[in-house]
Amino acid sequence: MRTQITSSATVMSSDAVKKRKPKVIRSEAGAPETKRGRAEGDQDVRVYNEEVELEVRDPQQDYMLYKDTCAALAKLMEEIQELKAGGAKVQSVEIEERRTQCSVHFITLKKLNRLAHMRLKKGRDQTHEAKQRVDVLHLQLQNLLYEVMHLQKEIGKCLEFRSQHEEIELVSEEEFFQEAPAEISRPHVTRDDQHQLTLARLDWELEQRKRLAEQYKMSLARKEKIQKAIEQKREYLSSLQPGLQNIMQASLPVQEYLAIPFEHMQKQAEVARHLPPPLYVLLVQAGAYGQACDKNLSVSISGDVDEAKALSRPPEDSQDDESDSDAEEEQQNTKRRRATLGVQLDDKRKEMLRRHPLSLCVDLKCKDGSVLHLFFYYLMNLNILTVKTKVSTTTDLSGAVSAGELLNSESLLNCLYASDHGKETPNPANRYQFDKVGITTFGDYVSDLGHPFVWVQKLGGLQFSSGGAQSGLTGSALSASHMERTMKLLRGRLQARLALHKQFSSLEHSIIPVSSECQHLFPAKVVSGLVRWTTMSCQEFTELGFVQHVLKAGLVHETDLFFMATVERGTARLRAAVVMNPRYPEVAPLFSLSLHWKGERSGRTDDNLQAMESEVNVFRSELQGPRPGLQLLTNQIQRLCVCLDVYLETESQVCDGSEGPKEFPREKMCLRTARGPSRLKPFKYNHPQGFFSHR
Amino acid sequence: MFISLQLLHMSVFSQSFSPCGRFLAAGNNYGEIAVFSLSAALSPDASEASQKPILNFTAHDGPVFSLLSTDTHLLSAGNGEISAWSWAELIKKVRISCSVNDNSLIVGGGDNNIHIMDMETGIFKSVLKGHTDYIHCLCFKEREEEILSGGEDGAVRIWDARTNRPVHCIEVFKYEECARPQFGKWISCLATDSDWMLCGGGPSLSLWHLRSMSPTSVFPLPGCQREAVFYQDLIMSVGEGPHVSHCLHGGTVKAQIPCTPSSLNTLALNLKNSEHRVMTVGGSSHQIDVFTNFSYRAFSLSF
């Protein structure tokens, strides 16, 4: 907006500013500043108002004037230039004239400049004023708008306001008018006025509530009283309980005296309710058998009843528990992945092989006071019964070294019935269960869990389809049909083992115990004597040279017991390897002989030794002794000694004597020393004549 | 189990083939006689079952020490009694003992005597006394009608069957080349073939020339021989030791064929039937070995 005058007279513009200032002050009718303006002279007199002039003059005209002046100035400058160039002097008149004209033009220019400035200023001032007016109005507008908004908000809030009274559920209007008394409802007022109606209703509500609170307090008080009465009665009842217990205790001796173990049986019946079915069957049958036939049999239940009760709780709880534990397990798994893979399998195995917490204990007492304890367990997931044994005797049985295996609880009940080893589970379904958890044989766990014999399953009424013939019985009938025989076998087994134990301890002392009932089987004088009796392992037995024929005939099993007896007379030594079946004495021990005298002979090489073997093995029924035949082994050994005597004494007889005095003089009376193509010796002893003959 | 025990301790003492040659009877130490069908056992489709007896019965209380077949009957001798069984009935698996219709039976007994019995009547015709101990073996020379007997006393006696008188007595143990004092002097096997005689037992098995009454060859067999036979130009003998010895007349042992039993009591050759020409041996085992080719064991019959 400023017109830019490109002139070299910049000094003048600053002067113009100075000069302008006092003029402006003057036009604003401010206090006239008279300090400056020495070039002006009398300012108070001459009131030169350029502003007035401004309104008069036309800007266009001024603009034209300016242009003219500039042109004239330019022209004059040119003339001066020409003159100067034409060689005129600086102080010449033309140049001075022209210079004066230039100065006049300059003054014009300056005025024009001043006017321009003043116009500009005026314009600005006007604009400024207008703007100010507009601003003020704008501000007012804003204020009003703001207030409007505020008010609108307030209105909105007021409209939204929910008073608490609206949350109170009031009875409906009709009810209100019906029920409320007149002073509260004031229908004449409230029917018309909504506000009053609401107030009245609220009043009514308050009334009602107060009344109900009263009632509530009274009811509470009554309840307290009744509660106290109940407590008193309960205390009274519980005080009766110890009294009853005392009476029960006192009645126990009476029960015993009358031999009705009523309470004991009741307790047992109570616990028996929680037994799993096979154990229950076994309990009932064994108890019945004991009462009816065998006074020395007693049955009792042992174990944790609470756990058993826990097992029979409703399944939802256990399912929840399962899912919880599963979740926990999974959490664990994600945390420690490697460690729990085997542990998980282990846990699954343990779960599969879990025993029911209750177990049965059956005690079989024998006449000499020793007791066979049988502990029956039920494996829940496999549905089989197992048994563990323990023998308690009245006398100490530590005498015999070789008898170590006899009463070993692991092998005591082996092969009670033929080929019932108790190493594998008889339930074929278990095979699939084992595959899932990676159990290869049940035999590994037998020492912990007990032996799953087939007869145990039968006693519990569990019948598994095996190759053999199936009886149509199940459950109790099956159990009952096997009970008597099994119990007899068990007892027989215990007695046999105890008898063997005693016999072994004396055999180890090189004494062959022959009872008086069996003396008639043997001659009075027996010179050969037992010098050693030891036990052998199956391995050692199979390595012996002279027993191969027995092995080949398949008469040796893993479950058998092996012994070595050494009989000596003079320089002759007879070794006998004995194979004893666990079912002794039903199954006789098998002897294999080897004689060391002037060379080594065995039953295979020497016909006479074979004859001796058949004397003890085949003709053993004579050697049974009194029932139940427990002296079979000792009688067999004694017969061996007798036969060795005969062998040695008759042997030297047969050879035609080129040697000196016979080592074994003939003492036995024999009819004939040789018979038959194999020239066997007379091994059969005849009582009471006391001579030996051939069979 | 008891049966297998019995089998374990069984010894076969005697054998005899039936007259038709199709059956074999064997007697064991329990007094049982078992009849085996050879035709079944030798047939191409023989199985395990055909190696079992078709008939098995208890003939005597004691062991059956000798069996002898006549044309119609099987005679079995045990501990003091002789029973006769009809082959026809046996083949039909029935056992009946009945009388026989043949001529005489020569029985050597444990009473040290030889008895000659008339088989028609069952009466003993004569007794030959002479042995001092029980008689092990007997054989008969048809041509000269002589009876040879060998016994526990170590003597081989030759008797004239017509006159019932002893003709010779050979005490084998007195001959140095035969004698084996460590075993004893008893003679347990005898066999004759016209002029030759085999005898053995305590002394070594030896071949004798009867005219000169002297041993011509002695067989170096280790054990005591219990039975020996002449067969064509071989001598076969069995005894202690699990083998059948084939020997030549010259005195050499040609072969020793192994067998199942650990010692053998009896050897029998089935010459009556050309189809079933076998040799069977039995001993201290429940198995009887059958040789179809005499050089090796073919199979075993089992009690």
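Selection of region A:495-536 for residues being part of a loop (DSSP other than H, G, I, E, B), touching a residue at least 24 places away in the same chain (Cβ under 8 Å) and of a type in the set (Val, Ile, Thr) yields A:512, A:514, A:526, A:527.
Mind listing whichever residues of region B:212-238 are more than 17 Å from residue B:278 (Cα to Cα), assigned to a strand (DSSP E or B) and within 14 Å of chain A (Cβ to nearest Cβ)? Residues satisfying the conditions are B:225, B:226. Within region B:37-58, does at least one residue satisfy the condition of being within 14 Å of another protein chain (Cβ to nearest Cβ), under 14 Å from residue B:301 (Cα atoms) and open to solvent by 10 Å² or more (accessible area, probe 1.4 Å)? No, every residue in region B:37-58 fails to be within 14 Å of another protein chain (Cβ to nearest Cβ), under 14 Å from residue B:301 (Cα atoms) and open to solvent by 10 Å² or more (accessible area, probe 1.4 Å). Within region A:667-681, residues that are more than 7 Å from chain B (Cβ to nearest Cβ) have Cβ atoms under 7 Å from residues that are in a strand (DSSP E or B) in these pairs: A:668/A:692; A:669/A:691; A:669/A:692; A:670/A:691; A:670/A:692; A:671/A:691; A:671/A:693, counting only partners at least 6 apart in sequence or on another chain. One residue stands out in region B:252-268 among those that are open to solvent by less than 10 Å² (accessible area, probe 1.4 Å) and over 12 Å from the mean Cα position of the chain (by Cα): the one that is farthest from residue B:280 (Cα to Cα), namely B:263.
Scan region B:162-174 and give yes if some residue there is within 14 Å of another protein chain (Cβ to nearest Cβ) and open to solvent by less than 40 Å² (accessible area, probe 1.4 Å), otherwise no. Yes, some residue in region B:162-174 is within 14 Å of another protein chain (Cβ to nearest Cβ) and open to solvent by less than 40 Å² (accessible area, probe 1.4 Å).
Restricting attention to region B:231-251, the residues that are polar (S, T, N, Q) and on the phi > 0 side of the Ramachandran plot add up to 1. Looking only at region A:537-553, residues that are away from chain B (no Cβ under 14 Å), in contact (Cβ under 8 Å) with a residue 12 or more places away in the chain, outside any loop (DSSP other than H, G, I, E, B) and surrounded by fewer than 18 Cβ atoms within 10 Å (Cβ to Cβ) come to 3 in all. Here residue B:45 fulfils each of the conditions (1) over 20 Å from the mean Cα position of the chain (by Cα); (2) at pLDDT below 75; (3) charged (D, E, K, R) apart from (2).
Considering region B:1-30, and only residues there that are among the small types (Gly, Ala, Ser) and within 14 Å of chain A (Cβ to nearest Cβ), the residue that is most open to solvent (accessible area, probe 1.4 Å) turns out to be B:4.
Applying the criterion of at least 2 residues that are more than 35 Å from the chain's Cα centre (by Cα), modelled with pLDDT of 75 or more and more than 18 Å from residue A:355 (Cβ to Cβ) to the helices (runs of 4 or more DSSP H) found wholly in region A:256-320 leaves A:262-272, A:277-292. Considering region A:558-581, the residues that are in contact (Cβ under 8 Å) with a residue 60 or more places away in the chain and under 51 Å from the mean Cα position of the chain (by Cα) include one that is farthest from the other protein chains (Cβ to nearest Cβ), namely A:563. Taking region B:269-289 as the range and being closer than 15 Å to residue B:237 by Cβ and open to solvent by 10 Å² or more (accessible area, probe 1.4 Å) as the test, only B:269 passes.
Considering region A:582-608, the residues that are charged (D, E, K, R) and not in a loop (DSSP other than H, G, I, E, B) include one that is nearest to the other protein chains (Cβ to nearest Cβ), namely A:607. Can you name the residue in region A:47-76 that is of a type in the set (Val, Ile, Thr) and assigned to a helix (DSSP H, G or I) and is also surrounded by the most Cβ atoms within 10 Å (Cβ to Cβ) among such residues? Here the answer is A:69.
The values are calculated or read from the model by the stated rules, or taken from the named source; none is laboratory data. These numbers come from a predicted model, not from an experiment. Counting neighbours? That spans all protein chains shown, and the Cβs are built from the backbone with ideal geometry, glycine included. These accessible areas exclude ligands, DNA and RNA; they are computed on the full protein's heavy atoms, side chains included. Shrake-Rupley method; radii C 1.70, N 1.55, O 1.52, S 1.80 Å.
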